[in-house]
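I have placed the structure first, in the form of structure tokens, so that the comments after it can refer back to it.
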Protein chains: 2
Amino acid sequence: MAVFKVLRVDLSTEKISEEVYKEDIIRKFLGGRGLGAYLALKELPRGIDPFSPSNKLYIFAGPLSGTANLATSRINVVGKSPLTGSYTHSNAGGNFAYWLRRSGYDGIIVEGKADEPVYILVKDGEVTIRPAKHIWGKWTGAATKALLTDAGFEPDEKKAGVMTIGPAGEDLVRIAGLRFSDYERFAGRGGLGAVAGAKKLKGIVVWGTHDPMKEFVDRQRFLKVATEYSVKLMNAATSKALHQYGTNLLTNIINSIGGYPTRNFETGYFEEAEKISGEYIKQNYVKEVHGCMLCPIQCTQITVVASGPYKVAGEKIKYEYESTWALGANLGLSQTDAVLKLEKLANELGMDSISLGNTLGTFLELVKRGKIQYDISWGDAASLIDLVYKMAYRIDIGDDLAEGDWRLANKYGAPDAFVGSRGQGFPAYDPRALKGFAISYVTANRGGDHLEAYSPTWEVLGVPEKIDPLCETPECISKQVRLVIYAQHLMALADSVTYCKFDTLDKDGIFETHISDLFNAAFGWDTTPQEMLTIGERIFNVERLFHVKEGKWVKDELPPKMREPIKTGPAQGHTASKMFDEGIKEFYKLRGWVDGKPTYETLKRLGLEEFQYLL
Amino acid sequence: MAVFKVLRVDLSTEKISEEVYKEDIIRKFLGGRGLGAYLALKELPRGIDPFSPSNKLYIFAGPLSGTANLATSRINVVGKSPLTGSYTHSNAGGNFAYWLRRSGYDGIIVEGKADEPVYILVKDGEVTIRPAKHIWGKWTGAATKALLTDAGFEPDEKKAGVMTIGPAGEDLVRIAGLRFSDYERFAGRGGLGAVAGAKKLKGIVVWGTHDPMKEFVDRQRFLKVATEYSVKLMNAATSKALHQYGTNLLTNIINSIGGYPTRNFETGYFEEAEKISGEYIKQNYVKEVHGCMLCPIQCTQITVVASGPYKVAGEKIKYEYESTWALGANLGLSQTDAVLKLEKLANELGMDSISLGNTLGTFLELVKRGKIQYDISWGDAASLIDLVYKMAYRIDIGDDLAEGDWRLANKYGAPDAFVGSRGQGFPAYDPRALKGFAISYVTANRGGDHLEAYSPTWEVLGVPEKIDPLCETPECISKQVRLVIYAQHLMALADSVTYCKFDTLDKDGIFETHISDLFNAAFGWDTTPQEMLTIGERIFNVERLFHVKEGKWVKDELPPKMREPIKTGPAQGHTASKMFDEGIKEFYKLRGWVDGKPTYETLKRLGLEEFQYLL
């Protein structure tokens, strides 16, 4: 029978308790993001400060994490975001979900606030809150090792699951992330690292010998299905490409269609993109390729900057497309060494590299527009590196930047320098050139997000069908909206399983049908693929209800800059206005929402009547 | 009548009291370093941890600070050093001594330890302890401005005297310094910034309208003498040279005689010195020349690094010979931009630039010798910059480096990689090539110090007579020892007046005769020049008694590397062994010391019988 065993740790009272969610809840929310969102909506009092002890971190694996089914090793975190002031979720790969499940738990809820720095150790079901004063202050790499050592393990990230924060989280930097083992994995977006910091929680170490498949009703059947689908995923063309180049194979592709945001979305084409492309970096910087625990893709590209002014002494750098864009093109920077150094600093100091790029980009625009006096210009690597340190430690102007892009733009009287939604900056695709994002970014519940519905799947990869990313005919708009909605459900589903989203990029990937098969095999359920998508829809609505409850970010709004034509490149002249303005109406209609809010009928259809009081 | 009014602030009890030292004490110790040393010896219990509340900071101006006599604006600090574990003193220029005297006090003693960060505000005799939690964490430049603002002044360093510490002091980095206004002045050596950090003392602000000459018995006579001597000092050739090039005019001079320590004293000649010489930097980097309050020399060279990978955005950099050597030649680094950037980081993060260079140099040697595994080599600017951040915040290997060169070398099993004495690293002259330093460095009470007796005065400048720095004849050795002893007294005197030592570099400078004249005029005393020198000797002995009391560093020892011949350059083949081994015997004899300890007869001769119990 499907159960989801949660460890609840109150750092204020040091009370440690256990609760088990049964099939009635699991079949509605699965785990990961879905169950996290549901509990957060139920438990977090309206209007609390994200830094208050009342905020909670829901650190949840999924019902298939740590099993024979591959690519389901992601760990998902939900909480109230210090960056956006409302609901957020974020997830990371690595081995934490695996070791958490082996520890005997499926999820951990951290609430309250410790007086002095602590970490939580879960060793084969045994839970202790341990002092971490001697680890507080350490950068994330060293903190990971120190936590392992203190917990009695070798300082090797493979030996146990570790979550930690860096100085940025400790200093309540609003874009701080949570680093997870193994190797520079980040639940970056939304600033949940600062929530851990506010709780004086330096980290969590999990390990054990529990078999996560123990409760499966038909292990043989599950093994058969899981093996088939794992092999299928391994053989998908996108998996092979990701293994070869990692996520950054996207730079040249997205730049070539004019959708590569440059200089804080000034334009969609970066003239110097070549030097930060996946191909160039693969040839000149990548030394190793790794992957998450139990993953058939192994996409992680590990680079080295061995000399020169941006040398990273004795350390490897995990690098990604989003980070390279955020700290490269978005800052007008094409010096490969410097971009990789910035990525390393983001990871070590513990900040979301995307929001870091958003914030620095916003800062540069504010300087350019004369709103702030500072000696910096686009591509000014030295000044950018200094600012990253100053942000993490909240030094001087870094104290303002540590508040994130949205607050920075508002403080300095230029709200339109912020390019994002729901208080979080947009990532590495210009929605004026990849118009699916005009709907997808803006309607994303966590704000400014490409992962709640990844429209290049159809716009670039043609899955399930090719849509011209620039097309604005009524038919194209309608298709985009429908695909975004479908993807939003599929992604919410994936984040709750917890699948890696790279399973859905290829026609030979893993979709609702396969997920339904896996759950039916594991738990003897009789779900249909449509029921699986409805779980996704339910989760998406629960998340929106959090905003409704807070009375914040309910309406979906396109940032002003997206209404200005792209200045240069292949998508020159395009805006996101038409797609958004017309699409959002259909989006609301199809969702059964009015003005960004689900109606009672919608809640009822999704079995969410218990939240009708919020309407 | 001469009085010295001291403010005593106990941060544990918040007790604020006042005590006035009268002529019986003043005429024996004057103020500044002398009075500080005397009180520290009397008050500090034997064996205390430098970070304990029992340690004290004696922040003293001199009896001539803030008066019409110029070049006496230095502020002197005495305390137990976290770096050496015994007595230290350190002083800085700027305007703090001036504003302290105008506030109505001549000195401040800070003792105890606050629970939360505080600063001390002295406004025209009114003293308050104010919360500084909102300033804690700031780098020294921003902290200075924040302290001024909080105290009700414009954020302009000219408006009041400010002392502050940076993150290094807060993090108890053992080489942390105290920054004083106006503009990047440091009492750097000995780590007293970390003592302030341990006391949770972020800073001190002093201001007032008191007239420091009010107690002078014959103001007219004093004004006449002071004016004459101030003009005399202004017209000295060395003053003009210092004004033009600053202290760094020394690089080419010292390198040309083979005494410019390179790569942690591997040799005495740096092939690439040109790029970090005063002449080169003047031509290419210096944008302004400033000076201390009431100083006729104005030697401060202010540079700018406006672009490139070591750009210092929007800020000026005060740079000096010692710092440029320590963070340049001593690390095998000749990239001017990078050296200046390192100097700026030292100042902003709040570390003694000399000991920072010593520590990084020791680290590099340890790596080269295989004692530590780290990807770094001589002149590796990028890695060095990262390490400076890591030291200030005690991150990873930076935590070891933050303990300073002596502890680092010992921890990693190569004590001889430390080049210094009494636990403090040697500065920018190789005592194998400028042999006066073989005596002067090693016998310096604060350890590893060039300023307790600056032998280039005679070896390079020929004041009072030219001595060949390489000469080792019995006659030369004897002359060196006698001149070192004379200079030790003159310097102790200057630090207690508190004169800038640049008054003694020129035959047309200021010596004991002039100081005697000034005091006689100010207070109606009848001192002789010899009495003035005896004050210096008394102070020097009091300091040595501190070590005797602690049972630490009593013996004077030449570090092993100074017994190895210089490998290259004009002084190739020379060692410091003969000068030291023979000189130290005569030194002890002339001083009336046995094995580094004053005898009873010596104490009696100097009027220090009260300390005979220490023998």
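The values are calculated or read from the model by the stated rules, or taken from the named source; none is laboratory data. Values in this document were obtained by computation on a predicted structure and should not be read as measured data. A quick note on method: Cβ atoms are made from the backbone with ideal geometry, for glycine too, and the neighbour counts reach across all protein chains shown. Only protein heavy atoms, including side chains, enter the accessible area calculation; ligands, DNA and RNA are left aside. Shrake-Rupley method; radii C 1.70, N 1.55, O 1.52, S 1.80 Å.
Observations on the model:
- Reported count of residues in the stretch B:406-443, each being touching a residue at least 60 places away in the same chain (Cβ under 8 Å), among the charged types (D, E, K, R) and within 20 Å of B:ARG174 (Cα to Cα), is 3.
- Pair list, Cβ < 8 Å and 6+ apart or interchain, from the stretch B:456-485 residues that are under 19 Å from B:ILE584 (Cβ atoms) and in contact (Cβ under 8 Å) with a residue 12 or more places away in the chain to residues that are among the acidic types (Asp, Glu) and crowded, with 20+ Cβ neighbours inside 10 Å: B:ILE467/B:GLU459; B:PRO469/B:GLU459
- Residues in the stretch B:515-567 that are of a type in the set (Asp, Glu) and without any contact (Cβ under 8 Å) to a residue 60 or more places away in the chain: B:ASP526, B:GLU531, B:GLU564.
- Residue count for the stretch B:359-374, restricted to those that are within 13 Å of chain A (Cβ to nearest Cβ) and either part of a helix (DSSP H, G or I) or touching a residue at least 40 places away in the same chain (Cβ under 8 Å) (or both): 5
- Verdict on A:LYS318 being more than 14 Å from chain B (Cβ to nearest Cβ) and either of a type in the set (Lys, Arg) or in a loop (DSSP other than H, G, I, E, B) (or both): yes
- Only one of the listed residues (A:ALA453, A:ALA444, A:ALA428, A:ALA438) is hydrophobic (A, V, I, L, M, F, W, C) and more than 18 Å from the chain's Cα centre (by Cα). That residue is A:ALA438.
- Across the stretch B:19-30, the number of residues qualifying as in a loop (DSSP other than H, G, I, E, B) and either β-branched (Val, Ile, Thr) or within 19 Å of the chain's Cα centre (by Cα) (or both) comes to 1.
- Selected residue [over 18 Å from A:GLY93 (Cβ atoms) and open to solvent by 10 Å² or more (accessible area, probe 1.4 Å)] from A:TYR260, A:TYR310: A:TYR310
- Taking the stretch A:197-277 as the region of interest, the helices (runs of 4 or more DSSP H) fully inside it that hold 1 or more residues being farther than 30 Å from A:ILE566 by Cα and basic (Lys, Arg) are A:219-235, A:237-245.
- Criterion (among the β-branched types (Val, Ile, Thr), outside the structural domain of B:PHE523 (by TED's automatic domain parsing), closer than 28 Å to B:ILE395 by Cβ and at pLDDT 95 or above) met by exactly one of B:ILE165, B:ILE129: B:ILE165
- Members of the stretch A:297-342 that are more than 30 Å from A:SER230 (Cα to Cα) and small (Gly, Ala, Ser): A:ALA306, A:SER307, A:GLY308, A:ALA313, A:GLY314, A:ALA326, A:GLY328, A:ALA329, A:GLY332, A:SER334, A:ALA338
- Condition check for A:VAL289: touching a residue at least 24 places away in the same chain (Cβ under 8 Å), within 14 Å of another protein chain (Cβ to nearest Cβ) and on the phi < 0 side of the Ramachandran plot: no
- Selection of the stretch B:489-516 for residues being among the basic types (Lys, Arg) and either under 18 Å from B:TYR58 (Cα atoms) or open to solvent by less than 30 Å² (accessible area, probe 1.4 Å) (or both) yields only B:LYS501.
- Pairs are defined by a Cβ separation below 6 Å, a sequence spacing of at least 6 or placement on different chains, a first member in the stretch A:84-103 that is under 17 Å from A:LEU35 (Cα atoms), and a second member that is at pLDDT below 95; the pairs so defined are A:ALA97/A:SER73; A:ARG101/A:GLY66; A:ARG101/A:PRO212.
- Top-ranked residue in the stretch A:375-434 [being among the polar types (S, T, N, Q) and part of a helix (DSSP H, G or I); ranked as farthest from the other protein chains (Cβ to nearest Cβ)]: A:ASN410
- Qualifying residue in the stretch B:523-532 (condition: assigned to a helix (DSSP H, G or I), touching a Leu at 6+ places or on another chain (Cβ under 7 Å) and open to solvent by less than 10 Å² (accessible area, probe 1.4 Å)): yes
- A:ILE297 meets the conditions (1) more than 13 Å from every other protein chain (Cβ to nearest Cβ); (2) open to solvent by less than 10 Å² (accessible area, probe 1.4 Å); (3) touching a strand residue (DSSP E or B) at 6+ places or on another chain (Cβ under 6 Å) in every case but one. The failed one is (3).
- Residue check: A:THR128 meets all listed conditions (1) under 29 Å from A:ALA37 (Cα atoms); (2) in contact (Cβ under 8 Å) with a residue 24 or more places away in the chain but one, namely (2).
- Residues satisfying the stated conditions in the stretch A:62-71, i.e. more than 20 Å from A:GLU23 (Cα to Cα) and either in the same structural domain as A:CYS299 (by TED's automatic domain parsing) or surrounded by 24 or more Cβ atoms within 10 Å (Cβ to Cβ) (or both): A:ASN69, A:LEU70, A:ALA71
- Residue pairs whose Cβ atoms lie under 6 Å apart, separated by 6 or more positions or on different chains, with the first residue in the stretch A:337-358 and in the same structural domain as A:PRO309 (by TED's automatic domain parsing) and the second part of a helix (DSSP H, G or I) and of a type in the set (Val, Ile, Thr), are A:VAL339/A:ILE276; A:VAL339/A:THR324; A:LEU345/A:VAL388; A:GLU348/A:THR140; A:GLY350/A:THR140.
- Selection of the stretch B:201-229 for residues being more than 20 Å from B:PHE96 (Cβ to Cβ), in contact (Cβ under 8 Å) with a residue 40 or more places away in the chain and not β-branched (Val, Ile, Thr) yields B:GLU215, B:PHE216, B:ASP218, B:ARG221, B:PHE222, B:LEU223, B:LYS224, B:ALA226, B:TYR229.
- Considering A:ALA226, A:ALA198, A:ALA176, A:ALA187, the condition of being touching a helix residue (DSSP H, G or I) at 6+ places or on another chain (Cβ under 7 Å) and either within 14 Å of chain B (Cβ to nearest Cβ) or closer than 30 Å to A:GLY152 by Cα (or both) is satisfied by A:ALA176 alone.
- Top-ranked residue in the stretch B:126-142 [being among the basic types (Lys, Arg) and within 14 Å of another protein chain (Cβ to nearest Cβ); ranked as farthest from A:LYS390 (Cα to Cα)]: B:LYS133
- Options A:GLY152, A:GLY104: the member that is more than 30 Å from A:ALA2 (Cβ to Cβ), small (Gly, Ala, Ser) and surrounded by fewer than 24 Cβ atoms within 10 Å (Cβ to Cβ): A:GLY152
- Among the residues of the stretch A:300-315, those that are within 14 Å of another protein chain (Cβ to nearest Cβ) and either over 18 Å from A:TRP378 (Cβ atoms) or modelled with pLDDT under 95 (or both) comprise A:VAL304, A:VAL305, A:ALA306, A:SER307, A:GLY308, A:PRO309, A:LYS311, A:VAL312, A:ALA313, A:GLY314, A:GLU315.
- Condition broken by B:LEU192, with the remaining ones in (1) within 14 Å of another protein chain (Cβ to nearest Cβ); (2) at negative phi; (3) of a type in the set (A, V, I, L, M) satisfied: (1)
- Of the residues B:GLY569, B:GLY573, the single one that is at positive phi, in a loop (DSSP other than H, G, I, E, B) and surrounded by fewer than 17 Cβ atoms within 10 Å (Cβ to Cβ) is B:GLY573.
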